[in-house]
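Chemist: This is the structure I want to talk about, given as structure tokens.
The values are calculated or read from the model by the stated rules, or taken from the named source; none is laboratory data. Quick caveat: nothing in here was measured; it's all calculated off a predicted structure. Don't worry about glycine lacking a Cβ; one is built from the backbone with ideal geometry, like all the others, and counts go over all protein chains shown.
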Amino acid sequence: MTTCRILLLLLLVTLSAPPLSKAEESEARARRIINSLGCKACHSLEGSGSTLATAFDQIGNRLSMEQLNEQLTRHGNRNSQTFMPDYSTVPDADMNDIVQFLATLK
């Protein structure tokens, strides 16, 4: 009986939580994609990750959204010696989430 009450309470708390805004959903997706693509194997974000490459923190101050998109999808055109993987096959919606999120890091 106690287990049922706990589960019911958890369900009610979950259902009563305010929904995420579109911006919050986009940021959450971007963070998941960054983690799933393994970006933090080379880059750091908010103190988590590696220092092999430039940190993502404050990258929005250094690069525009257009530059971020180009860096992620066409960086080989600018630097053939890079170790960074080519992300041109990442779906557009996912790439848009990543670029928009990185642009906010100022």
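Chemist: Give the number of residues within the range 34-56 that are closer than 22 Å to Pro91 by Cα and assigned to a loop (DSSP other than H, G, I, E, B).
Modeler: 4
Chemist: Kindly indicate which of Ser44, Ser21, Ser36 is at pLDDT 95 or above and surrounded by fewer than 10 Cβ atoms within 10 Å (Cβ to Cβ).
Modeler: Unique residue meeting the criteria: Ser36.
Chemist: Also, I was wondering about something else. Just checking: which of the helices (runs of 4 or more DSSP H) contained wholly in the range 57-106 hold 2 or more residues that are among the small types (Gly, Ala, Ser)?
Modeler: Hits in the range 57-106: 92-104.
Chemist: How many of the residues making up the range 80-106 are modelled with pLDDT of 90 or more, surrounded by 12 or more Cβ atoms within 10 Å (Cβ to Cβ) and among the acidic types (Asp, Glu)?
Modeler: Count: 2.
Chemist: Is there any pair with a first residue in the range 89-106 that is closer than 21 Å to Asn61 by Cβ and a second that is of a type in the set (Ser, Thr, Tyr) and in a helix (DSSP H, G or I) whose Cβ atoms are under 7 Å apart and which are 6 or more apart or on different chains, and what are they?
Modeler: From residues that are closer than 21 Å to Asn61 by Cβ, the pairs are Met95/Thr73; Asp97/Ser26; Gln100/Ser26; Phe101/Ser26.
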